[in-house]
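The values are calculated or read from the model by the stated rules, or taken from the named source; none is laboratory data. This structure is a prediction, so every number in the text was calculated from the model and none was measured. Counting neighbours? That spans all protein chains shown, and the Cβs are built from the backbone with ideal geometry, glycine included. Keep in mind that these areas ignore ligands, DNA and RNA; they rest on the heavy atoms of the full protein, side chains included. Shrake-Rupley method; radii C 1.70, N 1.55, O 1.52, S 1.80 Å.
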Amino acid sequence: MKKKVVVLGTGGTIAGRSEHGSDNVGYTAGQVGVQSLLQAIAPLQAALQGRELVTEQVAQVDSKDMGFSVWALLAQRCAHHLQEATVDAVLITHGTDTLEETSFFLEQVLPVALLQGKPLVLTCAMRPVTSLTPDGPQNVMDAVAVALDSLACGVLVVCAGSVHSARMVQKSHTYRLDAFDSGDAGPLAVVEEGRVRWFGRPTLPAPARVVDLHALSGNVWPRVEVVLSYAGASGVMVRSLANAAVAESPLRGLVVAGSGNGTVHEDLEAALMEIQRLGVRIVRASRCARGQVVQGETIPVFPNSNGLSPVKARIALMLELMA
Ligand code: SIN
């Protein structure tokens, strides 16, 4: 039976269009269907090495608007294709703005067994299809090279010739084509002329939880918000969040993006302690782009995010509360 590579489209700049070729910022994301997008990449057929290309449009959104219903569907479609014996790899085209959240979410919910030797590779672009020099086609070619590499496993992100793990990847630039990094960890690999040069063996994360992917669509996701600590921060926002009369979805958790090593302004901390006593789960992360909250000898008032960025810590907490 002919082997396949599946590409799931979700929108983003990689599928975006602008009025003028010289306009790389004033475009509308999520305009071109994934099938047309891939058809326009002439060398893709050869890169697939005889495999059939299957495309599926799971969503067509600007990823700033990414939400739980698309995540639920995406997780179900990934699992469906990954468990097919004829499928060698699954790719996702996605906007760059929340790519790190979607990749981390998928890594957390997909059964590890499905990702062994069968990678799930997310890719993106910083310039729309209509750009004079779009970066999407090369990113897709690189993503295919990674997806078909014998060492690849788990959930990976490919952009501008670098390969990142879902756990470490973070969008770190607003405009440059090389918009992602993996902080202190650095990229897992680079892609050079269709060849993947690994800096270390990619590993699968330990299975964190068993998630019923079909139940995700029907579930009411627990409300977990992110608040930032800064000079002059107060408890006003936290108290209003806790008191907001959103009957169907009361506040269940808060991630605080602290300054430096997760430090929190004393007024904000007092409010967080108040709502923690009321049963709201608090997690401390850092607003720093690099490093992680390092535990000292004293017992912390709020547990730390174990190296997760604030937005990823929010996903981990939501999934924990859902379980
Ligand atoms: C998006 O995230 O969908 C728009 C921005 C981008 O893809 O670069």
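Any chance region 99-109 includes a residue that's in contact (Cβ under 8 Å) with a residue 12 or more places away in the chain, open to solvent by 20 Å² or more (accessible area, probe 1.4 Å), more than 21 Å from residue 73 (Cα to Cα) and of a type outside the set (Asp, Glu)?
Scanning region 99-109 turns up no residue that is in contact (Cβ under 8 Å) with a residue 12 or more places away in the chain, open to solvent by 20 Å² or more (accessible area, probe 1.4 Å), more than 21 Å from residue 73 (Cα to Cα) and of a type outside the set (Asp, Glu).
Looking only at region 110-129, filter to residues that are under 30 Å from residue 21 (Cα atoms) and either open to solvent by 10 Å² or more (accessible area, probe 1.4 Å) or in contact with a Lys or Arg (Cβ under 6 Å, 6 or more places away or on another chain) (or both); which one of those is farthest from the ligand (Cβ to nearest atom)?
129
Going by what's in this entry, would residue 225 be described as modelled with pLDDT under 90 and in the same structural domain as residue 279 (by TED's automatic domain parsing)?
The answer is no for residue 225.
Quick one: how many residues across region 1-31 are open to solvent by 20 Å² or more (accessible area, probe 1.4 Å) and not basic (Lys, Arg)?
Number of matching residues: 12.
Pull up region 212-227, narrow it to residues that are closer than 15 Å to residue 253 by Cα and without any contact (Cβ under 8 Å) to a residue 60 or more places away in the chain, then point me to the one that is least open to solvent (accessible area, probe 1.4 Å).
Restricting to residues being closer than 15 Å to residue 253 by Cα and without any contact (Cβ under 8 Å) to a residue 60 or more places away in the chain, the top hit is 227.
When you go through (1) surrounded by fewer than 20 Cβ atoms within 10 Å (Cβ to Cβ); (2) touching a Gly at 6+ places or on another chain (Cβ under 8 Å); (3) small (Gly, Ala, Ser) one by one for residue 145, which number turns out not to apply?
With respect to (1) surrounded by fewer than 20 Cβ atoms within 10 Å (Cβ to Cβ); (2) touching a Gly at 6+ places or on another chain (Cβ under 8 Å); (3) small (Gly, Ala, Ser), residue 145 is out only on (1).
Grab the strands (runs of 3 or more DSSP E) fully contained in region 148-235, keeping just those with 1 or more residues being of a type in the set (Phe, Trp, Tyr) and within 30 Å of residue 271 (Cβ to Cβ).
none
Select from region 242-297 the residues that are of a type in the set (Val, Ile, Thr), surrounded by 15 or more Cβ atoms within 10 Å (Cβ to Cβ) and assigned to a loop (DSSP other than H, G, I, E, B) and list them in ascending order.
Answer for region 242-297, where residues must be of a type in the set (Val, Ile, Thr), surrounded by 15 or more Cβ atoms within 10 Å (Cβ to Cβ) and assigned to a loop (DSSP other than H, G, I, E, B): 264, 280, 293.
In region 296-313, which residues are on the phi < 0 side of the Ramachandran plot and at pLDDT 90 or above?
Hits for region 296-313 are 302, 303, 304, 305, 308, 309, 310, 311, 312, 313.
Name the pairs: first residue in region 62-76 and closer than 15 Å to residue 222 by Cα, second residue more than 8 Å from the ligand (Cβ to nearest atom) and open to solvent by 30 Å² or more (accessible area, probe 1.4 Å), Cβ to Cβ under 7 Å, at least 6 apart or on different chains?
69/217; 72/217
Go through region 228-262 and count every residue that is hydroxyl-bearing (Ser, Thr, Tyr) and either at pLDDT below 95 or within 30 Å of residue 109 (Cα to Cα) (or both).
Matching residues across region 228-262 total 4.
Based on what the data block shows, is residue 86 within 25 Å of residue 181 (Cα to Cα), in contact with a strand residue (DSSP E or B) (Cβ under 9 Å, 6 or more places away or on another chain) and open to solvent by less than 30 Å² (accessible area, probe 1.4 Å)?
Considered against the rule, which asks whether it is within 25 Å of residue 181 (Cα to Cα), in contact with a strand residue (DSSP E or B) (Cβ under 9 Å, 6 or more places away or on another chain) and open to solvent by less than 30 Å² (accessible area, probe 1.4 Å), residue 86 comes out as no.
With (1) in contact with a His (Cβ under 9 Å, 6 or more places away or on another chain); (2) open to solvent by 30 Å² or more (accessible area, probe 1.4 Å); (3) within 16 Å of the ligand (Cβ to nearest atom) as the list, and residue 56 as the residue in question, which single condition is left unmet?
Every listed condition holds for residue 56 apart from (3).
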